[in-house]
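None of the figures in this text is laboratory data; all of them are computed from the coordinates on show. Everything quoted here is computed from the prediction, not taken from an experiment. When we count neighbours, we look across all protein chains shown, and the Cβ atoms used for this are built from the backbone with ideal geometry, even at glycine.
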């Protein structure tokens with residue numbers, strides 16, 4: 001009898017724990033989730049925040065989908081508000097499921113917001129604990145929201161296309177991916193300025209084109225860099241990339257080099273000079289004169305031509321960035337590391353445009369591609 | 001209730017009993033302190049704090065020889081007298097109660113923000129405290145065994161820190177040693193709270209099988225945790241910079257979330273870290289609960305009962321209820337963080353002050369006792 005009562009007591013106590021099985025509260029079926037795979041942040045004409053979200057329809061995307069051939073495997077929603085959060089909260093009233101940002105891979109920022117300064121508009125995203133810190137940020141020169149509605153030739157979701165593109169290392173020739181945490185790191189850091197890759201859409205071929213960078217000064221858009229300038233930026237900064245360099249080395253003869261890596265040393269000579277020593281290496285992939293055999297003198301000439309080309313382009317790029325007061329390379333970090341006294345952003349903003357920045361380049365052709 | 005004796009701890013269990021709470025407590029937010037006080041080379045606060053903590057270990061070891069088999073709760077009245085001993089013991093236990101509340105509030109806050117945000121906070125609170133009480137109820141061996149079982153979780157945390165160096169840049173941790181010496185000493189002193197769980201040595205030493213190993217094992221724990229925190233702090237600063245990391249409530253979690261191996265690892269490794277740390281936090285709570293309840297039960301006992309106390313189990317239940325109520329009364333994490341500095345200073349003064357007071361009083365009494373014997 002006593003044993004039976006003890007058992008009942010124990011069962012009652014354990015049954016009290018049932019509501020505590022807290023996982024149950026958080027279980028939401030995938031069909032009932034509105035997974036925002038991409039977000040676009042823009043301003044309306046009357047300066048209200050315009051948010052557009054791309055939401056996939058899971059039953060049309062999963063391998064066991066009802067209609068895998070359907071083109072409409074996602075839909076987009078747009079909301080407006082005085083602030084980003086106010087706009088974001090309106091997604092709730094426009095959807096039946098639970099809004100979820102854990103799979104937001106792409107965040108596209110409109111040019112208008114970039115020109116005004118991104119900090120106030122991104123603040124709420126930085127405070128969302130579950131927002132993926134590795135999501136990719138891009139800038140659109142047109143209407144960012146419309147890019148999320150575009151059809152892609154490969155029949156994949158626009159955000160999946162962009163995510164896959166940006167995750168591949170060998171795509172980083174003229175564009176350097178920017179992740180959310182990295183963008184915040186540069187926004188918070190007074191000794192380096194952020195940038196964003198620029199996104200276009202080719203309606204003829206139904207593809208996205210990532211070409212060039214939008215350079216910021218603080219949190220405001222300062223200047224656009226061409227794809228060629230983006231290449232040079234990659235060499236000068238820590239954004240390492242495999243790129244192709246093209247230059248003339250003799251009259252009517254051009255070479256094309258697969259650039260592999262570089263070692264950059266920044267040297268600060270107070271009060272006004274920074275020296276950038278660049279030691280680069282690459283493979284010779286094309287020589288339009290098809291010169292054979294390549295003697296050491298030829299290689300030396302090629303290396304000098306490449307070094308000269310990089311130096312010229314780098315100095316040109318640096319002058320552009322200085323004029324826009326945009327320290328994309330993060331030279332401020334070099335100065336700060338050797339700075340005596342209290343470092344302030346004002347000090348750096350004043351100093352940077354007037355700095356004398358010298359570039360010294362050594363190029364080594366480590367492979368010529370043919371046995372002479 | 002049948003009274004059971006606590007089994008003496010083997011050196012390895014003793015080691016894990018100290019390692020787990022010390023490596024877990026403040027792991028998620030510690031770098032904020034060093035970054036705010038020192039700046040870009042705030043990680044240098046850790047070696048300074050390491051040096052400051054060694055005397056604490058020496059004092060605890062000294063008392064383990066002076067009063068073998070007794071905990072601090074038992075020998076404090078013997079050294080300082082009944083009344084002052086009681087006051088000091090209460091202060092000592094208050095420090096560890098607050099430490100338990102802070103650790104639990106952080107663990108629950110993290111679970112609530114990242115994993116269980118639709119679950120009522122109250123239920124997570126009850127679940128966490130209840131589960132910790134359950135294990136503490138079965139004594140020091142159970143808590144120590146769980147701690148030793150969680151070595152893979154600590155290794156996992158270490159591995160995550162190592163992988164997070166993926167985005168590390170040396171320029172972010174410079175300039176080095178440009179601050180005045182005083183700043184590093186202050187930073188080290190303010191970082192001492194990382195090692196407060198090591199103060200449990202004053203109680204845990206009474207449960208060890210081999211007294212000779214107390215100092216070497218506790219020093220090993222201190223060295224390992226210091227190395228772990230140093231690498232962690234250096235990594236976080238190298239990725240976010242000192243000014244950048246202050247943006248985050250849990251810099252460590254954000255540090256690990258930056259790991260990106262798109263075609264090899266999970267999208268967000270941070271969530272796995274959260275689970276690993278959560279388990280360690282749970283184990284640490286069981287240890288803290290045990291020592292708190294055991295300490296409280298010893299307050300009214302005569303010295304010499306360290307190995308035979310069982311009434312701590314009833315105290316444990318009351319302690320659990322008080323802990324749930326205290327955690328529930330903390331409105332949010334910001335409230336706690338805003339007062340963290342005050343807790344660190346007061347607790348440091350109590351813990352270190354009490355240790356030195358005990359040592360000085362004990363040495364003085366011995367000196368005078370010798371003098372009398374000579375007469």
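Report the FRET efficiency, 1/(1 + (r/R0)^6), for residue A:59 and residue B:134, where r is their Cβ-Cβ distance and R0 is 35 Å, rounded to 0.05.
Efficiency for this residue pair is about 0.25.
Shielding by partners for peptide A:125-137, expressed as the average number of C-beta atoms from other protein chains within 10 Å of each residue's C-beta, is 4. Translational diffusion coefficient of the protein assembly as shown at 37 °C, 0.692 mPa s, Stokes-Einstein with Kirkwood Rh over Cα pairs, in µm²/s as a whole number. Result for D is 111 µm²/s.
Per-residue mean of foreign Cβ neighbours for B:170-178 is 4 (Cβ atoms of other chains, 10 Å radius). Put in order of Cβ neighbour count within 10 Å, fewest first, the listed residues A:231, A:360, A:9 become A:9, A:360, A:231.
Mind checking A:181-189 for the average number of partner chain beta-carbons within 10 Å of each residue's beta-carbon?
Details: counts 11, 4, 0, 5, 11, 2, 2, 7, 6.
Mean shielding by partner chains, rounded to a whole number: 5.
Based on Cα contacts under 8 Å between residues 6+ apart, chain A shows a relative contact order of 13 percent.
Would you calculate, for chain B, the mean residue ellipticity at 222 nm contributed by helices, counting each DSSP H stretch of 4 or more residues as -39,500 (n - 2.57) and dividing by all residues, to the nearest 500? Let's see the in-between values first.
Working: 16 runs with 261 residues, N = 375.
Result for chain B, helices only: -23000 deg cm²/dmol.
Helix A:84-94: angle to the longest alpha-carbon principal axis of chain A, degrees 0 to 90, nearest 10? For A:84-94 against chain A, the angle is about 50 degrees. Summarising the label geometry, the points placed 7 Å from Cα in the beta-carbon direction at residue A:286 and residue A:9 lie 8.6 nm from one another.
Could you state, as a whole-number percent, how many of the C-alpha pairs of chain B are farther apart than 41 Å?
Numbers: 8651 of 70125 pairs.
Counting pairs separated by more than 41 Å, the tail of P(r) holds 12 percent.
Computed on segment B:1-133, with alpha-carbon pairs under 8 angstrom and 6+ residues apart, the relative contact order is 11 percent. Distance distribution P(r), segment A:228-276, all Cα-Cα pairs, bin width 5 angstrom from 0: 5, 17, 20, 17, 16, 13, 8, 4, 1 percent. Using a simple spin-label model with pseudo-atoms 7 Å out from Cα toward Cβ, residue B:275 and residue A:275 lie 5.4 nm apart. Once the C-beta distance of residue A:264 and residue B:162 is scaled by a Förster radius of 25 Å, the resulting FRET efficiency is 0.50 to the nearest 0.05.
Distance between the 7 Å Cα→Cβ label points at residue A:323 and residue A:83: 3.9 nm. As a proxy for reagent exposure, ranking A:269, A:93 by other Cβ atoms within 10 Å from fewest up yields A:93, A:269.
For segment A:179-217 versus segment A:224-257, the inter-centroid distance based on Cα atoms is 19 Å. D by Stokes-Einstein for chain A, Kirkwood Rh over Cα pairs, 37 °C, 0.692 mPa s: 138 µm²/s.
Could you work out the relative contact order of chain B? I mean the mean sequence separation of Cα pairs under 8 Å and 6+ apart, divided by the number of residues, in percent. Mind showing how you got there, number by number?
Working: 494 pairs, mean separation 143.4, N = 375.
It comes to 38 percent, rounded to a whole number.
Principal-axis analysis of the Cα atoms of chain A puts helix A:227-236 at an angle of about 80° to the longest axis.
Taking the longest Cα principal axis of chain B as reference, the axis of helix B:11-24 is set at about 50 degrees. On the basis of the beta-carbon distance and an R0 of 56 Å, residue A:356 and residue A:95 show a calculated FRET efficiency of 0.50. At q = 0.11, 0.16, 0.27 Å⁻¹ the log10 of I(q)/I(0) for segment B:1-82 amounts to -0.52, -0.90, -1.30, computed by Debye summation with a single uniform scatterer per C-alpha, solvent ignored.
So how much slack lies between residue A:46 and residue A:123, counting 0.36 nm per residue of separation and subtracting their Cα-Cα distance, in nm? Kindly include the intermediate steps, with their values, before the conclusion.
Values: separation 77, 0.36 × 77 = 27.72 nm, distance 2.07 nm.
Fully extending the segment from residue A:46 to residue A:123 adds 25.7 nm.
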